[in-house]
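Following: one structure in structure tokens, then a few remarks.
The values are calculated or read from the model by the stated rules, or taken from the named source; none is laboratory data. A quick note: this is a predicted structure, and the numbers were derived from the prediction, not measured. Note that each Cβ is placed from the backbone with ideal geometry, even for glycine, and that neighbours are counted across all protein chains shown. Just so you know, the surface numbers come from the protein's heavy atoms only, side chains and all, with ligands and any DNA or RNA stripped out. Shrake-Rupley method; radii C 1.70, N 1.55, O 1.52, S 1.80 Å.
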Amino acid sequence: MASTTRPAQRPLGTSGPVTSALGLGCMGMSDLYGPADEAESIATIHAALDAGITLLDTGDFYGMGHNELLIHEALRGRDRDRVQISVKFGAQRGPDGQWLGYDTSPAATKTALTYTLRRLRTDHIDVYRPARLDPKVPIEETVGAIADLVKGGYVRHIGLSEVGADTLRRAAAVHPISDLQIEYSLLSRSIEAAVLPTARELGIGITAYGVLSRGLLSGHWNPDRSLADTDFRTNSPRFQGDNLAHNLALVEALRAVADSKGASVAQIAIAWVASRGEDVVTLVGARRRDRLAEALGSLDVTLTPADLAAIEAAVPAGAAAGDRYAAAQMARLDSER
């Protein structure tokens, strides 16, 4: 199903900007999913902008600056004010790419923003957010530092990423929070218990990433696919052995629903996340124009109550086998929730 529709507009919470309901996550163009074609990546960003996508999501640690430089190149000659750029910061990495922890102290926050502005060659970031909770720094201090940057005109809105309900409340008491960026898909629904209700109570929007569960719900995953050593899915429990076989069986059940709608599996999975509420903005991590075109086709999918029931039957809540990340990282995420 090819798209005939431009993305609708949705607000990022009650205090955030109005952006396209479908955003483009740019991480895979620089990091963590194996090699990417830079020219194709730029062409994909151009195609997204031309199709009406206005939200571009990145992190200063995606390729250690490469992703921001790539976005700068893609935006050359474009109207900066017609694009919202969301940037995550705080993750520390070595020259070999290894993860070293997080630093969201006020000084590190302001320094990171300065580098980001230089790489993107812009005078402001639309949404600036710590990538994860730094256990050494109270969230109030980090949000307070970003609030200083808001007052200075360098940041327009403050967001958060992968935190729990208590952290949302503490952060919102310091400064309005536009949105929480968090994984949300048919295979990852843990936010529905406490995080999503709290965000809605506080007027904080949800920017959902991983809507295709790192490719599992794309409908294109081949169990014999060979992954590059730099692809983090080589260590993801959901992509291993019996877990993978179980999860791909769920995908085949979802494919029956997709076929009945004349849509692809990916389009149904994206449309399901978008149907969760007008306060949910979906991010797709397309690295190629053909995958972007497929994602845009989700905009033409209307899910009826019967369709939603069929989707729930095909992929019930909690049906996924394996955690999103390896055990050590999941333990850290669970502690932050």
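Hey, among the residues in the range 233-270 that are touching a Gly at 6+ places or on another chain (Cβ under 6 Å) and under 17 Å from L296 (Cα atoms), which one's surrounded by the fewest Cβ atoms within 10 Å (Cβ to Cβ)?
Result: S264.
Hey, H46 hits all of (1) of a type outside the set (K, R); (2) assigned to a loop (DSSP other than H, G, I, E, B); (3) open to solvent by 10 Å² or more (accessible area, probe 1.4 Å) but one; which does it fall short on?
(2)
Residue-wise test of (1) in a loop (DSSP other than H, G, I, E, B); (2) in contact with a Pro (Cβ under 8 Å, 6 or more places away or on another chain).
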residue	(1), (2)
G101	no, no
A107	no, no
T111	no, no
R156	no, yes
V174	yes, no
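When you go through (1) over 30 Å from P11 (Cβ atoms); (2) assigned to a helix (DSSP H, G or I) one by one for W221, which number turns out not to apply?
Against the list (1) over 30 Å from P11 (Cβ atoms); (2) assigned to a helix (DSSP H, G or I), W221 comes up short only on (2).
Could you list, in sequence order, the residues of the range 288-309 that are farther than 20 Å from G277 by Cβ and either outside any helix (DSSP H, G or I) or of a type in the set (D, E, K, R) (or both)?
Start the filter on the range 288-309 by keeping residues that are farther than 20 Å from G277 by Cβ, which leaves 288-294, 296-297.
The answer is R288, R289, D290, R291, E294.
Are any of the residues in the range 302-311 within 16 Å of Y184 (Cα to Cα) and open to solvent by less than 40 Å² (accessible area, probe 1.4 Å)?
yes
Per-residue answers, yes or no, for (1) of a type outside the set (S, T, N, Q); (2) open to solvent by 10 Å² or more (accessible area, probe 1.4 Å):
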| site | (1), (2) |
| --- | --- |
| T142 | no, no |
| G152 | yes, yes |
| H175 | yes, yes |
| L180 | yes, no |
| L186 | yes, no |
| I191 | yes, no |
| I204 | yes, no |
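Which pairs have Cβ atoms under 6 Å, sit 6 or more apart or on different chains, and link a residue in the range 118-140 that is within 14 Å of R170 (Cβ to Cβ) to one that is part of a loop (DSSP other than H, G, I, E, B)?
Close Cβ pairs satisfying both conditions: P130/G90; P130/T104; L133/V163; D134/T104; V137/T104; V137/S105; E140/V174.
Looking at T5, T58, T19 in this structure, which one is β-branched (V, I, T) and either in a helix (DSSP H, G or I) or open to solvent by 10 Å² or more (accessible area, probe 1.4 Å) (or both)? Don't jump to the end; show me each part of the working.
Details: T58 fails: either in a helix (DSSP H, G or I) or open to solvent by 10 Å² or more (accessible area, probe 1.4 Å) (or both); T19 fails: either in a helix (DSSP H, G or I) or open to solvent by 10 Å² or more (accessible area, probe 1.4 Å) (or both).
That would be T5, the only listed residue that is β-branched (V, I, T) and either in a helix (DSSP H, G or I) or open to solvent by 10 Å² or more (accessible area, probe 1.4 Å) (or both).
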